[in-house]
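Working notes for the structure below.
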Amino acid sequence: CIDPKFNYCFLSAQHIRAKSNSVDLFKDINGALVKKVTIVSYERILRFDFSNNMTLLIKLYNTSESNVLLVDADNVIIEAFKQNKSLRRTKHEMETTRSNPRDVLEQGVFERSFAADSSKSTLVALKHSLPLLGQHLAKEILYRADVDEKVKIPELTNEEVQKIFHHVQNIFTPPGDRIPRIYSLREGAKVFSIFQLSHLTDCTYESFESINDGIRSFVRNALSVNSVGSYKHLLESKLGREMKRLQRSLEQMTLELNDKHRGEY
């Protein structure tokens, strides 16, 4: 799904095509073999390379820029899921990655990027220097490093910065025995992670045998919550309109009862 506010991708054991509102797309790769599936380094882009020298790019940015593109060997767009008319036959230029791999691999590069703005708190600076982390992973790194997320950059010691860098590397190169979890926050929100989030130890969580199973469960729960939320909003709107109508009726009856000349009619 490349909905601007909710991107996801998971494998399904079986798929039954809808009888309506369904159309064939990307016919140029019908019958072609999948040679390789990769993730573009430090980006949310899935890349499928096919035997006919075409490539399918799935961009899961969680913004309006999310899209699915089929490109040829020269990176010319053959077909696009969104904006096909304007993008077709144009040259596709791979976006510059938002995160510099050296920020994770080289301590000096990380420290310069992390401390670029001395006015920022450690949490804001970490998310800004490594956008891929997001809120919860950034919090997890600082929790493991035992660093207050509200402390300003100049207040950090060299040892604390080194500990933050160490745990950044651990996050990006986690051990092989990953156990996907869905954490339930107190306010009702859900957080999916492929490894333990120590800063959420007070929250309950559900474990899954595979990352795919965890993502599928997370997505289905989110869609269910959104569906209930939409129905609730619809009911609230209807009840709100009815309440206003009754309020107007009540005000009109009150005016009539208070009219001293009402008995003359």
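The values are calculated or read from the model by the stated rules, or taken from the named source; none is laboratory data. This one's a predicted model, so the numbers in the text were calculated from it and none came from an experiment. Here the Cβ is made from the backbone with ideal geometry for all residues, glycine too, and neighbour counts use every protein chain on show. Note: areas computed on protein heavy atoms with side chains; ligands, DNA, RNA excluded. Shrake-Rupley method; radii C 1.70, N 1.55, O 1.52, S 1.80 Å.
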What tally of residues in the stretch 27-54 results from selecting those that are within 14 Å of H92 (Cβ to Cβ) and touching a helix residue (DSSP H, G or I) at 6+ places or on another chain (Cβ under 9 Å)? 1
Within the stretch 142-163, is even one residue in contact with a strand residue (DSSP E or B) (Cβ under 6 Å, 6 or more places away or on another chain), assigned to a helix (DSSP H, G or I) and modelled with pLDDT of 90 or more? no
Name the residues in the stretch 13-45 that are more than 25 Å from N212 (Cα to Cα) and of a type in the set (V, I, T), would you? V23
F48 versus (1) at pLDDT 95 or above; (2) open to solvent by 60 Å² or more (accessible area, probe 1.4 Å); (3) closer than 19 Å to I211 by Cβ: which is the lone unmet condition? (2)
Output for the stretch 123-141, where each listed residue is touching a Leu at 6+ places or on another chain (Cβ under 7 Å) and assigned to a loop (DSSP other than H, G, I, E, B): L133
Restricting the search to the stretch 201-211, which residues are open to solvent by less than 40 Å² (accessible area, probe 1.4 Å) and in contact with a Phe, Trp or Tyr (Cβ under 7 Å, 6 or more places away or on another chain)? C203
Name the single residue, out of those in the stretch 115-131 being crowded, with 17+ Cβ neighbours inside 10 Å and modelled with pLDDT under 90, that is nearest to L200 (Cα to Cα). L130
Contact list please: Cβ distance under 8 Å, first residue in the stretch 132-145 and crowded, with 20+ Cβ neighbours inside 10 Å, second residue among the hydroxyl-bearing types (S, T, Y) and in a helix (DSSP H, G or I), pairs at least six apart or on different chains. E140/S198; L142/T122
